[in-house]
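Visitor: I'd like to ask some things about the structure below.
Nothing in this text is a laboratory measurement; each read-out follows from the coordinates by a stated rule. Predicted model only: the values in this text are computed from it and were never measured. Ideal geometry is used to build each Cβ from the backbone, glycine not excepted, and the neighbour counts take in all protein chains shown.
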Amino acid sequence: MDISNLPPDISFDRLAQTPEAMDFAFEVKRAALGPHIIARWGWDEVFQRTFHEQQFRDRPVSRIVHHGQPVGTVALTATSDHIRFDDFYLFPAHQGQGLGARILKHCLAIADAHGKPMRLQHLKWNPVGSLYRRHGFLVIDETENHFIMERQPGGPELAS
């Protein structure tokens, strides 16, 4: 699913299925999620790259560009009953400044316009869960390592 731009300064460029695009998405993921993976399992480069390549092929990943600079990735996938929010990673230098909240609110507005709930999952020990809770997501299930969260369309007033 394509993501409309967020004026005045954020665009979402759909990544092609090329080695260069896959490498960019992997580097963002490694920078943003890597510390949380390393904290639990260490970093197995071959496993992580293989897993990433499979996910990259299966998802419509977009590059997030802020003021003309690539800062991260995100993917929205429409299913019959919800929109999946995946591959949302920002380089660490762009975290903690409200950019993630702006992008999340924009994607929630897209889900609301489709009248569908948004679902996501995140590692239980990743502090990003607080961002999702502030924006109306509730835990609907969990695995050993992940919380599965959902926000209903038109959910609670979006936090800043």
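Visitor: Quick one: order Ile110, Ile64 by neighbouring beta-carbon count within 10 Å, fewest to most.
Guide: Ile110, Ile64
Visitor: Shape verdict for the range 82-149, please, from the Cα gyration tensor: rounded (a/c under 1.5), prolate (a/b greater than b/c) or oblate.
Guide: Cα axes put the range 82-149 in the oblate bin.
Visitor: Okay, next question. Name the most mobile residue of Gly100, Gly68, Gly115, meaning the one with the largest mean-square fluctuation, in a Gaussian network model of the chain with Cα contacts below 10 Å.
Guide: Gly68
Visitor: With labels modelled as points extended 7 Å from the Cα through the Cβ direction, what inter-label distance (nm, one decimal) is found for Ala93 paired with Ser4?
Guide: Between Ala93 and Ser4, the label points sit 3.1 nm apart.
Visitor: Provide, in order from the shortest bin, the percent of all Cα-Cα pairs of the range 1-85 in each 10 Å bin, continuing until the bin that contains the maximum pair distance.
Guide: 16, 44, 31, 8
Visitor: Over all directions, what mean area does the Cα convex hull of the chain project, stated in square nanometres?
Guide: For the chain, averaging the hull's shadow over all directions gives 9.2 nm².
Visitor: Considering only C-alpha atoms, what is the centroid distance from the range 1-37 to the range 68-123, in Å?
Guide: The range 1-37 and the range 68-123 have Cα centres spaced 11 Å from each other.
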